[in-house]
Amino acid sequence: MERIIIRMLFDKQINKKYYRFHLFRKSFTFYLILLTGLFVVYLAVKNTFMATDSEEVQSLSSMIMIWGLAFFALVLAPSFMFWRINSLVKKEAKKRGDKEEYISITKEKIERRIDGQDKLVFGWNNIVDIRELDDMFLLYVDTESAIVVSKHHMIEGSPEVLRSLIEKYGPKDKKGKLKYKVHMKGYKKPKKVKKGKNDK
């Protein structure tokens, strides 16, 4: 029987990596702020170097405001996001304490339970996207949250077994393509072997 069992205490490093990955790869907000910052920088540069002498005096206050907005969008906002991640992880770690988390994955269902809390049960049809990182799998149940499956805390099964389950039962798009992406260092996507005319 193909089965994965995870047993672990709250892991700060794993969860920080998850939130950072989500911020850069899955969050539209980060890139919206970045694009806004770049546009504001463009406006600031344009107003600074293309203004005439008379316009410089009149637009000094507006240029200061524009450069301030650019600094906020490109420096302060991303810094705040990283601070928010660290703060959130510390808060979750304090809340969890020494309570263990259990995750069970089979072809029928995915169960997640934390000591003292109700068990959560998902079918594979509830998984909308899957990502694999160097030290974890992320089983997204919606666009904003995922079940974090640590490779280092598997007490039964292995990453290979979970990949097999994902290939068989993982979410697929309208064209039937598996919604599963790998983000590991040095990973190369296997090339599809084209069948010849004589291949069956």
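Numbers below:
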{"quantity": "Of all residues in the range 89-101 being within 21 Å of the chain's Cα centre (by Cα) and surrounded by 15 or more Cβ atoms within 10 Å (Cβ to Cβ), the one that is farthest from ILE155 (Cα to Cα)", "calculated": "VAL89"}
{"quantity": "Test: residue in the range 169-189 that is among the acidic types (Asp, Glu), in a helix (DSSP H, G or I), without any contact (Cβ under 8 Å) to a residue 12 or more places away in the chain and surrounded by fewer than 12 Cβ atoms within 10 Å (Cβ to Cβ)", "calculated": "no"}
{"quantity": "Residues that are buried (at least 19 other Cβ atoms within 10 Å of the Cβ) and either among the charged types (D, E, K, R) or more than 18 Å from ILE114 (Cα to Cα) (or both), drawn from the range 141-159", "calculated": "GLY157"}
{"quantity": "Within the range 99-166, strands (runs of 3 or more DSSP E) holding 1 or more residues that are closer than 22 Å to HIS22 by Cα", "calculated": "101-105, 110-114, 120-122, 129-133, 136-140, 146-150"}
{"quantity": "Output for the range 4-21, where each listed residue is surrounded by fewer than 17 Cβ atoms within 10 Å (Cβ to Cβ), in contact (Cβ under 8 Å) with a residue 24 or more places away in the chain and within 20 Å of the chain's Cα centre (by Cα)", "calculated": "LYS12, LYS16, ARG20"}
{"quantity": "Filter pass, LEU88 being in the same structural domain as VAL41 (by TED's automatic domain parsing) and under 14 Å from ASP11 (Cα atoms)", "calculated": "yes"}
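The values are calculated or read from the model by the stated rules, or taken from the named source; none is laboratory data. Here the structure is a predicted model, which means the values were calculated and not measured. Glycine gets a Cβ as well: all are built from the backbone with ideal geometry, and neighbour counts include every protein chain shown.
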